[in-house]
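All remarks here apply to the structure that follows.
The values are calculated or read from the model by the stated rules, or taken from the named source; none is laboratory data. Keep in mind that this is a model prediction, so the values were computed, not measured. Glycine gets a Cβ as well: all are built from the backbone with ideal geometry, and neighbour counts include every protein chain shown.
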Amino acid sequence: MGMDFDTIAAISTPPGEGGIGIVRISGDEAIEIADKLYSMGKKSLADQATHTIHYGKIVNPKTGDIVDEVMVSVMRAPKTYTREDVVEINSHGGILVVNKVLQVVLNNGARLAEPGEFTKRAFLNGRIDLSQAEAVMDMIRAKTDRAMHVAVDQLDGQMARLIRDLRQKILDTLAQVEVNIDYPEYDDVEEMTSQLLEDKAREVKADIQKLLETAQQGKILREGLATAIIGRPNVGKSSLLNTLLRQDKAIVTDVAGTTRDVIEEYVNVKGVPLKLIDTAGIRETDDEVEKIGVDRSRQAIQQADLILLVFNQSEKLTAEDEALIEATKGQNRIILLNKTDLNQQLNVDKLSQLIANDPIVSTSMMTQAGMDELQDKIAELFFSGQTGERDATYVSNTRHIALLEEAEDALSEVLNGIALDMPVDLVQIDMRRAWDLLGEITGDSVQDELITKLFSQFCLGK
Ligand SMILES: Nc1nc2c(c(=O)[nH]1)N(C=O)[C@@H](CNc1ccc(C(=O)N[C@@H](CCC(=O)O)C(=O)O)cc1)CN2
Ligand SMILES: Nc1nc2c(ncn2[C@@H]2O[C@H](COP(=O)(O)OP(=O)(O)OP(=O)(O)O)[C@@H](O)[C@H]2O)c(=O)[nH]1
Ligand SMILES: [Mg+2]
């Protein structure tokens with residue numbers, strides 16, 4: 001079944017000690033290879049029904065040594081993950097044991113799979129489209145329930161169906177245009193055809209725009225809201241990171257300039273996935289290492305979706321504080337007045353004037369005061385931009401977003417061409433380009449190199 005591929009194998013469970021480790025084999029020779037190693041009296045895997053599992057031992061045929069006691073699943077094409085014959089050897093989950101099993105499999109005719117190659121075969125053999133393959137990876141990497149939900153829908157083919165419908169609309173239109181041009185029944189056929197192209201270009205463009213409206217949310221769900229913790233040295237930035245993580249990740253000391261590099265950690269705040277970025281306190285400094293850290297903090301400000309701007313309210317506002325207010329102006333920010341367990345020195349009225357409407361939360365990393373309010377504010381900011389449609393199709397993948405934007409542009413060109421009275425056969429080219437671009441999302445029209453690149457980002461054994 002499927003195309004003519006060699007037989008591949010890899011460890012499909014995570015590296016490390018575990019209860020069970022799985023070596024997966026896929027391809028025409030999967031069962032034959034497994035039979036060379038499988039030992040259980042006279043029993044042969046080739047005689048077994050599909051989707052059955054069998055107890056036995058893996059024996060190295062060269063030495064006769066027993067490698068492990070195992071369970072072996074036999075799944076025949078086409079109803080398998082790859083649409084090829086698949087054998088899974090379930091061994092005892094030690095790092096060495098699983099590797100030994102893989103070694104004998106490779107020594108007996110299988111080739112080591114590349115990262116993502118099983119899923120790549122599922123795609124090449126037509127079981128899933130490219131957006132579904134990408135969803136497999138998103139699912140593995142999902143960090144919150146909502147991100148997981150988006151990936152599950154995409155794996156289920158929600159995106160693929162939507163894109164296919166849009167492509168079908170374009171294709172039908174192009175076909176009708178051909179007919180009109182080849183068999184002009186009426187005198188005003190040129191005008192009718194332009195009208196048809198215009199209507200359909202508008203319709204599909206509106207559909208694409210609707211999808212793109214979900215993109216920002218989708219991307220954040222998938223990648224996390226890039227949240228930079230900014231403030232001058234010693235105000236409690238690393239303490240805030242640790243508090244949100246409920247873990248001591250970052251080093252905290254009373255020495256100003258403790259954090260030298262940018263630290264990134266993921267945390268789920270009331271359903272919002274945050275990519276938290278703890279930065280070096282920003283100040284003028286002569287220390288070379290600290291200088292680099294400070295430069296990176298400035299970069300983090302530029303790239304952040306949200307800024308948590310931290311002040312030490314037990315000290316007066318400094319010129320450095322004011323410079324940071326200026327540097328983060330115009331971005332989504334929440335102001336933290338930290339160290340409320342100490343006496344207040346900071347002039348809040350003066351600060352309020354400088355920051356206008358941004359939310360202010362008083363916190364203490366010592367007592368945890370204000371932490372709940374801070375998390376509520378973050379969730380509020382995030383969900384306020386949300387349509388509330390839980391089952392909307394979210395576009396979350398940067399590659400998909402870029403292609404949708406290009407397809408939208410191509411359709412704008414169609415509309416421009418028609419407005420300028422350009423000949424239909426020229427306008428048609430842009431319509432056709434939109435069709436191609438949408439096809440790259442599902443993998444219907446896509447270059448081999450891109451496929452190779454996409455799957456190489458997968459985990460080994462997937
Ligand atoms: N042991 C094991 N667990 C696993 C996987 C696996 O490959 N092996 N999977 C992956 O890594 C996931 C399951 N994904 C799968 C997706 C499709 C098919 C499959 O055989 N699809 C057939 C229909 C099967 C049927 O109808 O019976 C098809 O679509 O043609 C199998 C697994 C998660 N758990
Ligand atoms: N009293 C009090 N001390 C705090 C609070 N938050 C942090 N600290 C203390 O302030 C000092 C500096 O905290 P850090 O979290 O390292 O500060 P930072 O902003 O990361 O500092 P740099 O990495 O040097 O920029 C430490 O001694 C913390 O224990 C707070 O809310 N109250
Ligand atoms: Mg720090």
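Looking at Glu373, Glu389, Glu449, just one residue is under 29 Å from Val267 (Cβ atoms), modelled with pLDDT under 95 and out of contact with any Lys or Arg (no Cβ under 9 Å at 6 or more places or on another chain), and that residue is Glu389.
Taken over the range 261-292, the residue count meeting the criterion of being in a loop (DSSP other than H, G, I, E, B), within 12 Å of ligand 2 (Cβ to nearest atom) and closer than 22 Å to Leu317 by Cα is 6. Out of curiosity, is Arg333 basic (Lys, Arg) and more than 24 Å from Ala369 (Cα to Cα)? Judged against the criteria, Arg333 is not a match.
When Gln345 is tested against (1) polar (S, T, N, Q); (2) touching an Asp or Glu at 6+ places or on another chain (Cβ under 8 Å); (3) touching a residue at least 60 places away in the same chain (Cβ under 8 Å), just one condition goes unmet, and that condition is (3). Of the numbered conditions (1) farther than 19 Å from Arg111 by Cβ; (2) away from ligand 1 (no atom under 16 Å from the Cβ), Phe5 fails exactly one; give the number of that condition. Tallying (1) farther than 19 Å from Arg111 by Cβ; (2) away from ligand 1 (no atom under 16 Å from the Cβ), Phe5 fails exactly one: (1). Of all residues in the range 426-462, those satisfying the criterion of being closer than 15 Å to Ala201 by Cα and either touching a strand residue (DSSP E or B) at 6+ places or on another chain (Cβ under 6 Å) or not β-branched (Val, Ile, Thr) (or both) are Leu426, Gln428, Asp430, Met431, Arg432, Arg433, Ala434, Trp435, Asp436, Leu437, Leu438.
Across the range 249-267, the qualifying residues are those that are over 25 Å from the mean Cα position of the chain (by Cα), of a type in the set (A, V, I, L, M) and crowded, with 17+ Cβ neighbours inside 10 Å, and the one among them that is farthest from ligand 1 (Cβ to nearest atom) is Val252. The single condition from (1) under 20 Å from Gln216 (Cβ atoms); (2) more than 13 Å from ligand 3 (Cβ to nearest atom) that Asp295 fails is (1).
Per-residue answers, yes or no, for (1) of a type in the set (Gly, Ala, Ser); (2) without any contact (Cβ under 8 Å) to a residue 12 or more places away in the chain:
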| position | (1), (2) |
| --- | --- |
| Gly16 | yes, no |
| Ile20 | no, no |
| Met40 | no, no |
| Asp47 | no, yes |
| Tyr55 | no, no |
| Thr63 | no, yes |
| Val67 | no, no |
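Taken as a whole, the structure leaves Ser39 outside the set of residues that are assigned to a strand (DSSP E or B) and either touching a Ser or Thr at 6+ places or on another chain (Cβ under 9 Å) or at pLDDT below 95 (or both). Screening Gly109 with (1) in contact with a Leu (Cβ under 9 Å, 6 or more places away or on another chain); (2) outside any helix (DSSP H, G or I) gives one miss only, at (1). Here Arg76, Arg83 are screened, and the one residue that is of a type in the set (Lys, Arg), in contact (Cβ under 8 Å) with a residue 60 or more places away in the chain and more than 23 Å from Gly18 (Cβ to Cβ) is Arg83.
Every condition in (1) modelled with pLDDT of 85 or more; (2) within 29 Å of the chain's Cα centre (by Cα); (3) under 30 Å from Leu309 (Cβ atoms); (4) crowded, with 19+ Cβ neighbours inside 10 Å is met by Gln217 except one, and the failing one is (1).
Residue-by-condition table, conditions (1) buried (at least 19 other Cβ atoms within 10 Å of the Cβ); (2) within 20 Å of the chain's Cα centre (by Cα); (3) in contact (Cβ under 8 Å) with a residue 60 or more places away in the chain:
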| position | (1), (2), (3) |
| --- | --- |
| Gly94 | no, no, yes |
| Leu102 | yes, no, yes |
| Asn107 | no, no, no |
| Ala113 | yes, no, yes |
| Gly116 | yes, yes, yes |
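A quick yes/no check of all residues on (1) part of a helix (DSSP H, G or I); (2) touching a Ser or Thr at 6+ places or on another chain (Cβ under 8 Å):
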position	(1), (2)
Met192	yes, no
Asp199	yes, no
Ala206	yes, no
Asp248	no, no
Ile251	no, yes
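What about Ala226, is it out of contact with any strand residue (DSSP E or B) (no Cβ under 7 Å at 6 or more places or on another chain), at pLDDT 85 or above, away from ligand 3 (no atom under 16 Å from the Cβ) and of a type in the set (A, V, I, L, M, F, W, C)? No.
When each of Ala228, Ala300 is tested for being out of contact with any Phe, Trp or Tyr (no Cβ under 7 Å at 6 or more places or on another chain), crowded, with 16+ Cβ neighbours inside 10 Å and part of a helix (DSSP H, G or I), the lone residue that passes is Ala300.
Being part of a helix (DSSP H, G or I), within 25 Å of Leu374 (Cβ to Cβ) and in contact with a Ser or Thr (Cβ under 7 Å, 6 or more places away or on another chain) is a description that applies to Lys219.
Exactly one condition in (1) in a helix (DSSP H, G or I); (2) within 11 Å of ligand 2 (Cβ to nearest atom) is false for Thr258; which is it? Condition not satisfied by Thr258: (1). Of the candidates Lys339, Lys377, Lys329, the single residue that is within 22 Å of Ala226 (Cβ to Cβ), basic (Lys, Arg) and in contact (Cβ under 8 Å) with a residue 40 or more places away in the chain is Lys377. Entry remark, the range 312-371: residues being assigned to a loop (DSSP other than H, G, I, E, B) and either over 37 Å from the mean Cα position of the chain (by Cα) or within 16 Å of ligand 1 (Cβ to nearest atom) (or both) number 14 in total. When the residues of the range 237-278 are filtered to those that are within 13 Å of ligand 3 (Cβ to nearest atom) and in contact with a Pro (Cβ under 9 Å, 6 or more places away or on another chain), which remaining residue is modelled with the lowest pLDDT? By that ranking, first place goes to Gly257.
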